[in-house]
Amino acid sequence: MEINQEKKASTFGGGLEGVKDISRIKSAELYEKAKTFFPGGVNSPVRAFKSVYGTPLFIQKGNGSHIWDADGNEFIDYCGSWGPLILGHNHPSVRNKVIEVMQNGMSFGAPTALENELAELILTNNRFIEKIRFVSSGTEAVMSAIRLARGYTKRDKILKFEGCYHGHVDAMLVKAGSGLVTFGETSSAGIPKAFADETIVIALNDKDALLKAFEEFKDQIAAIIIEPVPANNGLLLQEPEFLQFLREQCTANGTLLIFDEVISGFRVGFEGAAGYYGIQPDIITYGKIIGGGMPVGAYGASAAIMSNISPDGPVYQAGTLSGNPVAMGAGIAQLTELLQPGFYEELDRKTAAFVKDIEDYVAAKGYELKIFRIGSIFWFAFTQQEHIRRADEIDAGSMAHFKIFHRELLNRGVYVGPSGYEVGFVSGVHTADDLEQTKKAIFDSLDVVYQNA
Ligand SMILES: *Cc1c(COP(=O)(O)O)cnc(C)c1O
């Protein structure tokens, strides 16, 4: 379907007749001020709304599935702080636990019982790791996992996949060059070429490239790192068979398999993608949900592999605020809720029904839109393609559709991440009413995108 972008994209105020653009006066003021303090006015780039219309919304509060911005606009939220808030905003269990812990102080730099409690909660309910180490972000978890893999195997090279995001770790900010198997080219300034030379980049879903990499760099690859559910560059769902193939090839080559489960961990099930697919990786990284909205990351593995971490072993890794009691408290409260029987089944059921209704609408209207989903993660791709498994299969041109879609959704009280490459999340507290309202907003917004109103 043709899109008249001229008409719709010319001004921010060019929405559907009868639908007023939301006021962003306060947000715009705050943004102007923020620009005097922070590069681009933000503390993390995607927040700057560079790929969508208007200035970023400054959020004032969140409760349950809803958020409110500085101008008083209310939205049903499907960003969920980019994934952590699987119980929505300000969940009473999490809030109460955090307040309770804070009564006793906020940080000691010494062990607390809360670290044991969160570790026990995780390890007794996860068949894929025996020991864990808490850090303060997903990036830190990945950085540490890579160091562990290198220390354990005494090899230097890491293989990653184009289209997987692993935080802003130097060795991971590399993109594929031209060719089947390439050393990465840095995708950020400030990364020495020598670092990128230790990172091999291949496409997802490409067995031949993987075999070639193992042939070319025999006995040199310390680890393969993958998002088993690649969800940071669209939702590039892999065939289980490909993940299994990675497992077999890693074992055959003495290479460790790292599942970066910072998004998928505790999201597609309590045991994350490892449990979902029934595949045993060698090291798993966590973040986002694990901290209940506080800054927590973690990495885990078998006791044997973890024994290489200091002070038991020679791989150094430390953190002043690691295992912070307040953050541990938030994690304990959130994960306890997730362990309630039926939590993930219900979340899956309601997301499936939500997506199905949108698919039916799209089919009836003949719109070119495909919704990819796993559990409570969904991604709108403005395409007819049945599968998108590699980064280079995403049509960059289709993002123009998303830009209009995003604005129309905001105008109708629905908040999603401000980029067409970002996925959305349904939480345990989205109500039937929320989802009904959201569907209506999505239908109307799609009608605007396709000029069919
Ligand atoms: C978010 C994310 C990271 C980075 O985590 P931060 O907490 O933002 O540092 C790493 N890997 C994956 C798969 C992620 O989704």
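The values are calculated or read from the model by the stated rules, or taken from the named source; none is laboratory data. No experiment lies behind these values; they were computed from the predicted model shown. When we count neighbours, we look across all protein chains shown, and the Cβ atoms used for this are built from the backbone with ideal geometry, even at glycine.
Structure summary
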| quantity | calculated |
| --- | --- |
| Any hit, region 134-152, residues being without any contact (Cβ under 8 Å) to a residue 12 or more places away in the chain and not hydrophobic (A, V, I, L, M, F, W, C) | no |
| Qualifying residue in region 351-363 (condition: assigned by TED's automatic domain parsing to the domain that holds HIS66, closer than 20 Å to ILE263 by Cβ, of a type outside the set (Lys, Arg) and part of a loop (DSSP other than H, G, I, E, B)) | no |
| Among the candidates ALA301, ALA252, residue that is touching a strand residue (DSSP E or B) at 6+ places or on another chain (Cβ under 6 Å) and of a type in the set (A, V, I, L, M) | ALA301 |
| ASP219 vs. criteria surrounded by fewer than 18 Cβ atoms within 10 Å (Cβ to Cβ), at pLDDT 95 or above, touching a Gly at 6+ places or on another chain (Cβ under 8 Å) and farther than 29 Å from GLN340 by Cα | yes |
| Residues located in region 74-87, provided they are surrounded by fewer than 21 Cβ atoms within 10 Å (Cβ to Cβ) and among the small types (Gly, Ala, Ser) | SER81 |
| Condition met for ALA196 (in contact with a strand residue (DSSP E or B) (Cβ under 7 Å, 6 or more places away or on another chain) and either basic (Lys, Arg) or away from the ligand (no atom under 16 Å from the Cβ) (or both)) | yes |
| Check on PHE214, in a helix (DSSP H, G or I), surrounded by fewer than 18 Cβ atoms within 10 Å (Cβ to Cβ) and not assigned by TED's automatic domain parsing to the domain that holds SER51 | no |
| The lone exception for SER144 - which of (1) within 13 Å of the ligand (Cβ to nearest atom); (2) touching a Phe, Trp or Tyr at 6+ places or on another chain (Cβ under 8 Å); (3) within 16 Å of PRO325 (Cβ to Cβ) it fails | (3) |
| Long-range neighbours under 7 Å by Cβ, at least six apart or interchain, first residue away from the ligand (no atom under 12 Å from the Cβ) within region 259-270, second modelled with pLDDT under 95 | none |
| Any pair with Cβ under 7 angstrom, 6 or more apart, that starts in region 187-198 at a residue that is more than 13 Å from HIS168 (Cα to Cα) and ends at one that is at pLDDT 95 or above and surrounded by fewer than 16 Cβ atoms within 10 Å (Cβ to Cβ) | GLU198/ASP156 |
| Exclusive hit being in contact with a Gly (Cβ under 8 Å, 6 or more places away or on another chain) and assigned by TED's automatic domain parsing to the domain that holds GLY297, set ALA176, ALA149 | ALA176 |
| Pick from region 60-119, criterion assigned to a loop (DSSP other than H, G, I, E, B) and among the aliphatic types (A, V, I, L, M), ranking: farthest from the chain's Cα centre (by Cα) | ALA110 |
| Failed item, numbered, when GLY179 is tested on (1) surrounded by 12 or more Cβ atoms within 10 Å (Cβ to Cβ); (2) more than 27 Å from the chain's Cα centre (by Cα); (3) without any contact (Cβ under 8 Å) to a residue 12 or more places away in the chain | (1) |
| In region 148-183, the residues that are of a type outside the set (A, V, I, L, M, F, W, C) and either over 23 Å from GLU215 (Cα atoms) or within 15 Å of the ligand (Cβ to nearest atom) (or both) | LYS160, GLU162, GLY163, TYR165, HIS166, GLY167, HIS168, ASP170 |
| So LEU236, is it at pLDDT 95 or above, in contact with a Leu (Cβ under 8 Å, 6 or more places away or on another chain), within 23 Å of GLY179 (Cα to Cα) and in a loop (DSSP other than H, G, I, E, B) | yes |
| Those residues of region 53-73 which are hydrophobic (A, V, I, L, M, F, W, C) and buried (at least 22 other Cβ atoms within 10 Å of the Cβ), in sequence order | LEU57, ILE67 |
